[in-house]
Every structure is written in C-alpha cells, then in structure tokens.
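Read through the structure below, which is laid out as structure tokens, and then see the notes.
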Amino acid sequence: MTAETRSADPALVQRRTLGVLSGAVALSGLGITVGITVGGLLARDVAGTETAAGLGQTAGVLGAAVLAVPLARVSDRAGRRAGLAAGYAVAVLGALLTVVAAVASSLPLLLVGLFAFGAATACGLQARYAAADLAVPEQRGRALSLVVWATTVGSVLGPNLAGPGEALGDVLGLPPLTGAFAISVAVFAVVALGLLALLRPDPLLLARRLRGAGADVGRPRRATTHAVRAVWADPRGRLGITAVVVSHAVMVGVMVMAPVHMGHAGGTTLRVIGLVISVHVAGMYLFSPLVGLLADRAGRRTTVAAAAALLLAAAALAGTAAPDAALQLGAGLLLLGLGWSCGLIAGSTLVTESVTDEQRPAAQGGTDLLMGLGAAVAGVAGGPLLALGGYGLVATVSAALVVPLLVVWARTAGAVVAQRPR
C-alpha cells in the first residue's frame with residue numbers, strides 16, 4: 001500500500017478515475033474499431049476465401065472473452081492500473097503480429113494476432129468495472145455508464161480511420177489494410193502508458209483499503225470459478241450475470257447478420273448499410289448515461305426488465321423487415337442497442353454488488369468470459385440460421401434467448417429488491 005493510496009480522498013480519486021478511464025476508453029476505441037473494420041477483410045485477403053473473414057472476426061471475439069479472465073487476475077493482485085495496462089500491451093503485440101502475418105501471408109499467425117488484439121476489447125469492458133470500484137452504491141450505475149458512453153467516440157470515429165490507415169500502410173510499404181493495425185499499435189501504446197501514469201491512486205486498491213479488504217494471495221487457482229459461483233448464489237448476481245450474457249448474445253445474433261440481410265437487396269448501398277449500423281451503435285452507447293441514471297433511480301431490476309422488453313421489440317421489428325427496408329431495420333437495431341445498454345449497465349452493476357471486494361475482479365472477469373463466449377456462439381450460428389430460414393429465423397432464435405432472462409427476473413423478484421447494495 002503506497003503513501004499516495006493511504007492519504008487519498010475517495011471522492012476526488014473517483015472523479016479523477018472516471019476522467020482517466022473515459023479518456024482511455026475513448027482513445028482505445030479508435031484503435032479497436034478501425035481494427036475490427038478491416039480485420040475480417042484482411043483475413044479474407046490472406047486466406048483467399050470468404051469463409052476466413054468470419055474466422056477473423058470470431059478470433060477477435062474469442063480473444064476478448066478468454067483474455068478477460070487472466071487480465072482480471074492481474075487486476076485482482078496488482079490493481080486495475082496494472083490489469084488494464086497489461087491488457088493494452090497484449091493488444092499492441094496482437095496488432096504487431098497481425099501486420100507480420102499479413103506480410104508473411106500466414107492465416108494461423110493472423111488468427112493468433114487477432115485473438116491477442118481482442119485484449120483491447122476486454123480492457124474496454126473491464127474499465128466499466130473500474131469506474132464502479134469507488135462509486136457510492138446510489139451512483140454506481142451512473143459511474144459505470146459514463147465509461148460505457150465514452151466508447152461512443154471511438155466507435156463513431158474509428159471506422160473513418162480505415163482510409164488514412166491504408167495510406168499509412170502504403171507509406172510504410174505494408175500490404176493493403178495493415179495500416180489500420182499500425183494505427184492501433186500507436187493508440188494502444190499511448191493508452192497503456194497513460195493508464196500507468198495517470199490512474200493513481202489505483203481505484204481497486206483504494207476501495208479495498210477503505211473497506212478493510214485486501215487481495216488474497218492464498219486464493220485457489222480456480223478463483224474465477226469460485227467467484228462466478230458466488231455471483232450465481234446471490235439473487236442479484238444471478239439476475240445480473242444472466243442480463244449481461246443474454247443482452248450481449250441477442251445483440252450480436254441480430255446485429256451481425258443485418259448487413260448480410262440488407263445485402264440481399266440489389267439496390268442497397270454500403271453507405272445505407274453503414275448508416276443503419278451507425279444508428280445501432282448510437283443506441284448502444286449514446287444514451288448510456290441516461291440508462292445509468294435509470295438503474296440508480298428506478299432500480300437495477302426495473303432496468304433489466306426494460307432491457308428484456310427492448311430486445312424482444314427489436315427482434316420483432318428487425319426480423320420482419322425486408323432487405324430494402326432500411327428505416328425499419330434502423331429502428332429495430334436502435335432498439336437493439338438500447339436493450340443491450342440497459343442489460344449491460346444494470347447487469348454489470350448487479351454483478352459488482354453481489355460479491356465482496358476480494359471476489360469482484362474474478363467475478364467480473366468470469367462474467368465477461370461468459371458474455372464473450374455467448375456472443376461468439378451467437379455470431380457463429382447466425383450464418384447457418386440465415387441460410388436455413390432467413391433473417392426472420394435469426395431474429396426469432398435470438399429473441400428466444402430472452403426467455404431465460406425473464407425466468408430469472410421473475411424468480412428473483414423479492415430477493416433483489418430486499419438486498420442492499422454493497
């Protein structure tokens with residue numbers, strides 16, 4: 001425990017923490033989205049087949065899921081600053097490997113690079129938990145939502161850097177599309193160094209000191225499993241983890257196949273498809289401060305109910321839209337983004353409040369692992385479902401995933417309301 005941590009004012013540290021995390025997530029979002037924009041295309045070019053494009057995207061999603069656990073363990077033992085900085089360092093390595101793989105035309109190495117690149121997404125998600133470490137219970141939802149909202153900056157601006165990235169690649173003599181990953185290398189390196197310099201005192205370590213807790217160096221190797229079980233044993237945690245996993249899986253299931261569905265209409269341009277996806281991204285991030293306020297004022301459980309209703313409405317609206325019905329699809333995907341935001345923010349807050357300070361990093365990492373795996377399954381299943389029964393079947397199967405959330409919501413009614421946040 002440093003002298004800086006011992007003498008810190010929690011309220012001032014929380015304000016500083018929110019500023020640093022929001023800036024880091026906004027900047028890293030540029031590197032993440034510009035990489036995601038061209039990652040699948042790069043995999044296709046290296047392998048020479050359309051199938052490889054899906055493999056590239058899946059590698060990034062799995063990387064974000066699997067790497068969430070070891071990064072959470074680093075945060076558990078050394079603080080959020082160390083965990084987040086380590087994650088962005090792994091993402092730098094992943095971006096570099098991606099460039100090398102493109103030069104060598106090696107698909108296996110490319111998939112390894114994109115897997116490691118997913119660490120940046122894992123860090124962006126874990127930053128929302130860091131925002132809640134020092135927040136008072138009645139403001140946890142808002143604190144968490146502010147960091148989610150900061151993602152809007154990178155999500156909107158990142159894809160627009162694909163063009164400059166290609167020009168940079170030409171200057172550096174790199175293969176087409178790899179310039180975007182050169183931008184990601186620089187962005188992630190700046191974010192990692194910025195977090196090491198500015199995220200002081202560490203919010204998790206300070207929160208533990210204030211509550212008389214500490215990292216348990218004797219914790220079992222299966223700490224994540226034990227922590228997730230502890231989350232599930234608490235009615236709040238059960239509802240929270242279900243809300244996070246279901247919201248993310250439904251969002252990915254409906255969203256990923258939307259551009260393919262729109263492509264079936266001969267007159268639909270890439271510009272129209274991009275506009276529809278931009279509306280969806282706005283629904284995910286732009287209104288998150290209001291969602292956080294709703295979670296704090298109306299309650300986490302009420303916000304989860306709103307998430308379920310929005311996800312069902314989104315699946316119904318988007319799933320019945322014709323390929324050329326851009327307005328209806330845009331409205332459906334906007335509701336989809338809002339439903340995801342409600343489920344993620346309220347659910348993440350419930351997970352945080354359901355376990356002790358010592359268990360939180362492991363529980364949060366385990367939640368993000370399950371969330372990412374759910375998204376990966378939903379994304380992989382989308383193609384076969386679309387081929388089998390069209391976009392309507394994709395939306396119907398995705399909507400069916402909301403049923404378990406409604407069951408858990410109903411069964412935890414009195415218990416979630418009765419228990420006080422920790």
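We did not get these values from a lab; they are worked out from the coordinates using the rules stated. Being a predicted model, the structure only gives us computed values, none of them experimental. Cβ atoms come from the backbone with ideal geometry, glycine included; neighbour counts cover every protein chain shown.
How far apart, in nanometres, would the label points at residue 265 and residue 229 be if each is projected 7 angstrom from Cα along the Cα-to-Cβ direction?
Inter-label distance under the simple model: 5.2 nm.
Hey, if you drop one equal point scatterer on each alpha-carbon of the range 311-422 and run the Debye formula without solvent, what base-10 log of I(q)/I(0) do you get at q = 0.10, 0.14 Å⁻¹?
Log10 I(q)/I(0), no solvent term: -0.39, -0.71.
Cut-off is 10 Å between beta-carbons; in what order do 138, 353 appear when sorted fewest neighbours first?
Numbers: 138 10, 353 21.
Sorted ascending by nearby Cβ count, the order is 138, 353.
Quick check on the chain: helices-only [θ] at 222 nm, where DSSP H runs of length 4 and up contribute -39,500 (n - 2.57) each and the sum goes over total residues. Nearest 500, please.
Values: 21 runs with 346 residues, N = 422.
One gets -27500 deg cm²/dmol as the mean residue ellipticity at 222 nm.
Using a basic spin-label model with each label point 7 Å from the Cα along Cα→Cβ, how many nm lie between residue 309 and residue 15?
With each label placed 7 Å out from Cα toward Cβ, I get 3.6 nm.
If I take every Cα pair under 8 Å that is 6 or more residues apart in the range 222-422, average their sequence separation and divide by the length, what percent do I get for the relative contact order?
About 40 percent, as a whole number.
How long is the chain along each principal axis, judged by its Cα atoms, biggest number first, in Å?
Computed over the chain, the largest-to-smallest principal extents equal 61, 49, 34 Å.
At 18 Å minimum axial length over the Cα atoms and a Kyte-Doolittle cut of -0.5, report the qualifying DSSP H helices in the chain, or say none.
Details: long enough: 10-47 (52 Å, 1.08); 51-66 (22 Å, 1.16); 80-104 (36 Å, 1.61); 119-132 (20 Å, 0.61); 140-157 (28 Å, 1.01); 179-198 (29 Å, 2.56); 235-256 (31 Å, 1.30); 270-285 (22 Å, 1.66); 300-319 (28 Å, 1.33); 326-353 (40 Å, 1.34); 360-400 (41 Å, 1.00).
Answer set is 10-47, 51-66, 80-104, 119-132, 140-157, 179-198, 235-256, 270-285, 300-319, 326-353, 360-400.
Take the range 1-208, compute every pairwise Cα distance, and split them into 10 Å bins from 0; I just need the percent in each bin.
Per 10 Å bin, starting at zero, the Cα-Cα P(r) for the range 1-208 comes out as 10, 36, 31, 16, 7, 1 percent.
Would you compute, for the Cα atoms of the range 52-114, the largest minus smallest coordinate along each principal axis and list the three values in descending order, in whole Å?
So the extents along the principal axes, rounded to whole Å, are 39, 20, 11.
Percent relative contact order of the chain, based on C-alpha pairs within less than 8 angstrom and at least six residues apart? Don't skip to the end; give the middle numbers.
Values: 801 pairs, mean separation 98.3, N = 422.
Once normalised by length, the contact order is 23 percent.
Normalised by the number of residues in the range 12-171, what is the relative contact order in percent for Cα pairs under 8 Å and 6+ residues apart? Don't skip to the end; give the middle numbers.
On the way: 215 pairs, mean separation 57.1, N = 160.
Computed value for the range 12-171: 36 percent relative contact order.
Amide H neighbours of residue 354 under 5 Å, at least 5 residues apart or on other chains, H built in the peptide plane: list them.
Correct list: empty.
P(r) for the range 222-422: what percent of alpha-carbon pairs falls in each 5 Å bin, starting at zero?
Pair shares across the bins are 1, 9, 17, 19, 19, 14, 10, 6, 4, 2, 0, 0.
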